[in-house]
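To keep things clear, I will list the structure first and then write my remarks on it.
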Amino acid sequence: MNGARFFLDTNVFLYAFDETRPEHARRAQALIESGLKTGLGVVSYQVMQEFCNVALKVIRPLRAPDLDAYLDHTFARLELAAASLPLLHRALRLNERNRVSWYNALIVAAAQAANCRVLYSEDLQHGQQFDQVRVENPFL
């Protein structure tokens, strides 16, 4: 991470709660903790929304009050890549040029807009480069 901003995709937060994959959970928790301690971790509204959607359906016993606390303790302390019209335009170009899904294009566009160097995600090809943003799958 070497002092550069890094983007955390939704799956990182979900794995932090995955009791069936303890090594994935440890790696996810370490990445989140690094983002919190260094101030270099970045997320987007999309990541927070996707996390809440899955957490309310799948993660037990994470209920609304627990989720409120997690949002305040974790997401509120990470940098937030702002949603904007230019971000949507950038995502459209990524979707067309790189043939990535719309939602992945939004994630990459948010990482680019926040000047991240690394995008931690298992949803894109490990090592794939999008201008200055390199995809790293932390669970390989």
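The values are calculated or read from the model by the stated rules, or taken from the named source; none is laboratory data. This structure is a prediction, so every number in the text was calculated from the model and none was measured. Glycine also receives a Cβ, built like all others from the backbone with ideal geometry; neighbour counts cover every protein chain displayed.
So which of 20, 10 is closer than 19 Å to residue 108 by Cα and not charged (D, E, K, R)?
10
Filter the stretch 41-79 down to residues that are of a type in the set (Lys, Arg) and outside any loop (DSSP other than H, G, I, E, B) and give me whichever is modelled with the lowest pLDDT. I'd like the intermediate steps shown before the answer.
So in the stretch 41-79, the residues of a type in the set (Lys, Arg) come out as 57, 60, 63, 77.
Imposing the further condition that a residue be outside any loop (DSSP other than H, G, I, E, B) reduces the set to 57, 77.
On the way: 57: 90, 77: 97.
Only one residue fits best here, namely 57.
Screening the stretch 1-40 for residues that are of a type in the set (A, V, I, L, M) and in a helix (DSSP H, G or I) and picking the one that is nearest to residue 117 (Cα to Cα) gives 31. Within the stretch 91-112, the set of residues being over 25 Å from residue 24 (Cα atoms) and surrounded by fewer than 19 Cβ atoms within 10 Å (Cβ to Cβ) comprises 92, 93, 95, 96, 97, 98, 99, 102. The residues in the stretch 37-73 that are over 12 Å from residue 6 (Cβ atoms) and either in contact (Cβ under 8 Å) with a residue 12 or more places away in the chain or not charged (D, E, K, R) (or both) can be counted, and the count is 24. For residues in the stretch 85-116 being in a loop (DSSP other than H, G, I, E, B) and not aliphatic (A, V, I, L, M), which is nearest to residue 49 (Cα to Cα)? Selected residue: 101.
Determine, yes or no, whether residue 109 is among the small types (Gly, Ala, Ser), free of Cβ contacts under 8 Å to residues at least 24 places away in the same chain and closer than 14 Å to residue 6 by Cα. Yes, satisfied. With the condition kept exactly as written, say whether any residue in the stretch 113-122 is crowded, with 16+ Cβ neighbours inside 10 Å, of a type in the set (S, T, N, Q) and in contact (Cβ under 8 Å) with a residue 60 or more places away in the chain. Yes, some residue in the stretch 113-122 is crowded, with 16+ Cβ neighbours inside 10 Å, of a type in the set (S, T, N, Q) and in contact (Cβ under 8 Å) with a residue 60 or more places away in the chain. Within the stretch 74-96, being in contact (Cβ under 8 Å) with a residue 40 or more places away in the chain and among the aliphatic types (A, V, I, L, M) holds for 78, 81.
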